[in-house]
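Enquirer: This is the structure I have questions about; it appears just below.
The values are calculated or read from the model by the stated rules, or taken from the named source; none is laboratory data. Quantities reported herein were computed from a predicted structural model and do not represent experimental measurements. Note that we place each Cβ from the backbone using ideal geometry, even for glycine, and neighbour counts take in every protein chain shown.
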Amino acid sequence: MRTISRSSLAAAACSVALAVGASAQTYKTQKFNIGGEGNFDYLTADAMGRVFVSRGTHVMVVDGATGKVLGDIKDTPRVHGIVLAPKQGMGFTTNGGDSTSTMFDWKTLEVKKKIKAGKDGLDGIMYDDVTDKILTIDHSRPIGTAVVIDPKTSEVVATIPLSGTGPEGGVSDGKGRIFINLEDKDAIDVIDTKTWKVVATWKLDPCKGPTGIAMDRTTNRIFSGCDDNSVVVDASTGKVVAQIKNGGGVDALGWDQSQKLMYIPAGEDGNVTVVHEDSPDKYTVVETVPTMKGARTITVDPSTHTAYVFTPERGPSTPSATPGGRATPGPIKAAWLIQIKK
């Protein structure tokens, strides 16, 4: 999770096609007020058409097609992320409030166990299908960590010291490497899954504050979501091979492998930039889809080719009684799950 802030960059990459509407595609949005209390962070879509929405102390499970609330996973204090381990039929969360990961039955949503998964700062989470392992990605101090959980045994099998204090999203290449964005270092850590150690750190210039991450394994390209200017990285060399203009306040990326489409949500601008991968080093912005301010994270259902963002809508805030103090957020008026599709 990040605090939305806007950085400015001087130039765009000449290697990226920036023409909007090149293939005349039109995306439509539909809003569902799913209710519920609590702020939010990451979303996850599953193969059953459901969307898991983190809500601060609980996880709401929603039918993506209708917005109907199907269930609720409780006791997830300061929850950030949700991920599924298909081989074991289990789901896992990152709970920053008590440094645990809640393990639950993917289909029934029954909680099976709370696993101690780091000492503090639990935030992002990912699944590596090759090793069949869960990684919680933690803003630990004095250095960030990734904690490796075996979903078969529900035990922690490794803790990986990272290169920065602000690790965010992670992704696997399916060949023994995991890549984790470092928001505070404008870089990516490369992890060897045989040793569970960092073997390289790549700078992502000109990216500022990389958060969301995705990958096309067929082209061996990593996508890092950054404010104003996201980047594409060659996973063999660490070289930035393309840049993509987008809005500010990016905190996740969505990737539809079969459609070769990347979705970049901009919470500050209230839109999603849809990008097509034309070739490994060439990308075209297809459309910029209006959503809502604050909608900074995203998930994609690859079976229906539908993307989802979420944000609460609040009433007026209350000014701080202390000069220069932080205002108290207003009450939640609505909680919008926004569907994006053609």
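Enquirer: In the range 94-117, what count of residues is obtained for those that are of a type outside the set (A, V, I, L, M) and assigned to a strand (DSSP E or B)?
Expert: Our first condition is that a residue be of a type outside the set (A, V, I, L, M); within the range 94-117, this holds for 94-102, 104-108, 110, 112-114, 116.
From what's left, assigned to a strand (DSSP E or B): 94-95, 100-102, 104-105, 112-114, 116.
So the answer is 11.
Enquirer: Please state which one of Val157, Val198 is modelled with pLDDT of 95 or more, in contact with a Leu (Cβ under 7 Å, 6 or more places away or on another chain) and surrounded by fewer than 18 Cβ atoms within 10 Å (Cβ to Cβ).
Expert: Unique residue meeting the criteria: Val198.
Enquirer: Restricting to the range 191-217, and then to whatever is part of a loop (DSSP other than H, G, I, E, B) and of a type in the set (Val, Ile, Thr), can you tell me which residue is nearest to Asn229 (Cα to Cα)?
Expert: Here is the first cut: in the range 191-217, the residues part of a loop (DSSP other than H, G, I, E, B) are 193-196, 204-212, 217.
Now narrow it down to the ones that are of a type in the set (Val, Ile, Thr): 193, 195, 211.
Working: Thr193: 30, Thr195: 33, Thr211: 12 Å.
Ranking the candidates gives Thr211 first.
Enquirer: Separate question: Show me the strands (runs of 3 or more DSSP E) entirely contained within the range 24-77 in which 3 or more residues are under 21 Å from Val272 (Cα atoms). Steps first, please.
Expert: Values: elements: 28-33, 43-45, 50-54, 59-63, 69-73.
Hits in the range 24-77: 28-33, 43-45, 50-54.
Enquirer: State which residue is farthest from Lys87 (Cα to Cα) when the search covers only the range 154-190 and only residues that are touching a residue at least 60 places away in the same chain (Cβ under 8 Å) and outside any loop (DSSP other than H, G, I, E, B).
Expert: Within the range 154-190, the match that is farthest from Lys87 (Cα to Cα) is Glu168.
Enquirer: Please indicate, with yes or no, whether at least one residue in the range 67-76 is touching a residue at least 40 places away in the same chain (Cβ under 8 Å) and closer than 23 Å to Ala295 by Cβ. Can you show your working first?
Expert: Kept after step one, since they are touching a residue at least 40 places away in the same chain (Cβ under 8 Å), are these residues of the range 67-76: 67.
Next, from what is left, pick out any that are closer than 23 Å to Ala295 by Cβ: 67.
Among the residues of the range 67-76, at least one is touching a residue at least 40 places away in the same chain (Cβ under 8 Å) and closer than 23 Å to Ala295 by Cβ, which makes the answer yes.
Enquirer: Here's something else I'd like to know. How do the strands (runs of 3 or more DSSP E) wholly within the range 241-342 filter down when requiring 2 or more residues that are surrounded by fewer than 20 Cβ atoms within 10 Å (Cβ to Cβ) and in contact with a strand residue (DSSP E or B) (Cβ under 8 Å, 6 or more places away or on another chain): which remain? Walk me through it before giving the result.
Expert: Numbers: elements: 254-256, 261-266, 271-279, 282-290, 298-301, 306-314, 332-341.
Qualifying strands (runs of 3 or more DSSP E): 271-279, 282-290, 306-314, 332-341.
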